[in-house]
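Shown next, in structure tokens, is the structure this report addresses.
The values are calculated or read from the model by the stated rules, or taken from the named source; none is laboratory data. Values in this document were obtained by computation on a predicted structure and should not be read as measured data. Heads up, the Cβs are rebuilt from the backbone with ideal geometry, glycines too, and the neighbour counts pull from every protein chain shown.
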Amino acid sequence: MGLFGEKKPKTCPVCNRQFSGIGWSLPDGVLCDTCWHQVEDHFENDDILEEEYSVEGARRYIADRKNRKTAKPVPKIYKPQPLRISDSCMNCGAPVDEEAAVLRDRSPICDACASEVRIIYPLIRTLIQEPFEGDEEPILLDSLNRITYPEFQKALTVAAETRNRYRQHYGNCKAVFLVDDNRRIEKRRSWNCSVKGRTVYGMVQAKDRFAVRRRERTYQDTIMGLDIPYYYKLSGRMSDAIPEGYAGSLVFDHDIPYIYPGDILIIN
Ligand SMILES: [Zn+2]
Ligand SMILES: [Zn+2]
């Protein structure tokens, strides 16, 4: 036997073809490259150990390949918004782009008109995790997808009333922000504190001051910056503010240990 082992070709026990080279060893046989590449994903997807695998297992997995490919895909959890019937806002006639809201009856609504009712029909940011996929993906669920244009017209009145109630209740503040989550985000050399939530009234901007009332006292601080999701592409309006009915994060360079999920921040 030479230094590089025997040169005699081997026969693959799965496809019965001859091959040269080292091949891929299983406990009961050596597979050719072609067959190995067809079972490789089996190890990754199904957490199988090579030392417990068998030639018969590989044979079955390869034979079943066609069935796996034609298997029905797992239905998506997220339904994209309905196709719109025209390129202009049903309410004001302004041209709309791809990002515009679409009602249940497929009427498009421009950003400006949608903003009028976001106080009662918010654009919800949430996460989607598909089976067998690794990371969670942020998605937007538009509550405007649920209503028709006649309902939208009524919503305009209800929204104005709701806004008035907020104004009365919170005493002419600039905005009200509802907290979903408070987390510290570690970076390579620094960290920051991110308070995720939604503006339920008014508009939140960087450098705004806020107050949160706790039993022992009222805490106040200044919002250092905003982290606005990249997928909000609303005519640039979203780059420096979190408007009514939209989600986003308030960013701080220090801990905000007195803010909890469910808190209401009064922005002045
Ligand atoms: Zn083979
Ligand atoms: Zn409009």
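For the range 167-189, residues that are touching a residue at least 12 places away in the same chain (Cβ under 8 Å), of a type in the set (S, T, N, Q) and surrounded by fewer than 13 Cβ atoms within 10 Å (Cβ to Cβ) total 0.
Taken as a whole, the range 102-122 holds at least one residue that is within 20 Å of the chain's Cα centre (by Cα), aliphatic (A, V, I, L, M) and modelled with pLDDT of 90 or more. Apart from one condition, ALA71 fits all of (1) surrounded by fewer than 20 Cβ atoms within 10 Å (Cβ to Cβ); (2) modelled with pLDDT of 85 or more; (3) small (Gly, Ala, Ser); the exception is (2). Listed by first and then second residue, the pairs with beta-carbon distance under 7 Å, at least 6 apart or on different chains, first residue in the range 111-134 and surrounded by 14 or more Cβ atoms within 10 Å (Cβ to Cβ) and assigned to a helix (DSSP H, G or I), second modelled with pLDDT under 90 and hydroxyl-bearing (Ser, Thr, Tyr), are ASP111/SER235. Looking across the range 173-192, just one residue is over 28 Å from ILE120 (Cβ atoms) and among the aromatic types (Phe, Trp, Tyr), and that is TRP191.
Here the strands (runs of 3 or more DSSP E) wholly within the range 160-268 that include at least 2 residues being over 20 Å from ARG118 (Cβ atoms) and modelled with pLDDT under 95 are 175-186, 191-205, 209-213, 218-222, 247-252.
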